[in-house]
Amino acid sequence: MNPVWMNQLSWIDYEARIQRDQPPVFLPVGALEQHGPHLPLGTDGLLSAAVSFDTASLVGGLVAPTLSYGYKSQPKCGGGQHFCGTTSVDAATLIASVRDAVREFARHGLSKLVVVNGHYENQWFLTEGIDLGLRDLGPGAKLQVMRLEYWDFLTEATLAHVFPNGFPGFALEHAAVIETSLMLHYHPNLVRTDLIGDDPTADFPPYDIYPTKKNWVPLSGVLTSAKGSTVEKGALMAHQLAQRMAAAVGDAFK
């Protein structure tokens, strides 16, 4: 039994932790989405859970099971819905899941919930779910909710080290150096390094069109090259993410 993972505790032990310590509970949110030929479909959820675990371990928190289905993959940041294996939910479904989770954690007696997003497209729907959940609870609720995208806690200095030839931006970093390096650190057995290609950076027009034009997206689904990914870069980023997220959680809930 690991005391950080909520789903490995009995309800009695979980209730005792909540009543005694009022720990922050981390809710990782990911997606089931293609991540090129070299990374697994569950990369977003695996990384948000791993980063949540590291952070929770520093602040005496708990990590809830991951919400593993995310909002629809978009061509400019996830490749799009046309890839086999990408399994997405409508906005209303994700909003409702988060709304219900907020209400349930409040019912448990929590005062601190941290929603950790690992899928670019989820952002506004997580915000809506949190807002509606807190509205349901009313102004007297003691629960506070923090929402974050873990990648925002990487410093410019770290990004300059990880990308010596220039950072392409988080949207294009789908299945590329950040995610591949972090997966090499956290789940090296799930990374097919032999299948890492040298994809050119996708060049999208400044508009969207529907139905999606599949030829906008590289056939591999990788939006910029994953070459240069290393376990050392992953360890560096993982350490910084946990330290800076822990500091932010401490500051937000003090």
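All of the numbers you see were taken from the coordinates with simple rules; none came from a lab. This structure is a prediction, so every number in the text was calculated from the model and none was measured. FYI the Cβ positions are ideal-geometry reconstructions off the backbone, even for glycines, and counts take in every protein chain you see.
Miscellaneous remarks
- Cα centroid of the stretch 34-78 to Cα centroid of the stretch 149-166, whole Å: 18
- Magnitude of the charge dipole for the stretch 6-252, about its Cα centre and with charges confined to Cβ atoms of Lys, Arg (+1) and Asp, Glu (-1), is about 340 debye.
- Entry note, the stretch 6-252: relative contact order of 24 percent, from Cα contacts under 8 Å with a spacing of 6+ residues.
- Loop-resident sites, the stretch 170-250, for chymotrypsin sites (Phe, Trp or Tyr not before Pro), counting at most 14 other Cβ within 10 Å (DSSP): 207
- Summed side-chain charge close to residue 65 - residues other than residue 65 whose Cβ falls under 15 Å, Lys, Arg +1, Asp, Glu -1: -3
- Segments 152-158, 135-141 sorted - mean Cβ within 10 Å per residue, highest first: 152-158, 135-141
- Straight-distance crosslink candidates among lysines, where the alpha carbon sits under 22 Å from residue 233 and sequence neighbours closer than 8 are dropped: none
- Cα point-scatterer Debye curve for the chain, base-10 log of I(q)/I(0) at q = 0.10, 0.13 Å⁻¹: -0.49, -0.82
- Among 174-182, 193-201, the order from most to least packed when residues are scored by Cβ within 10 Å on average: 174-182, 193-201
- Shape category assigned to the stretch 38-89 from the gyration tensor of Cα positions, a/c cut at 1.5: prolate
- DSSP beta bridges confined to the chain are antiparallel in about 10 percent of cases.
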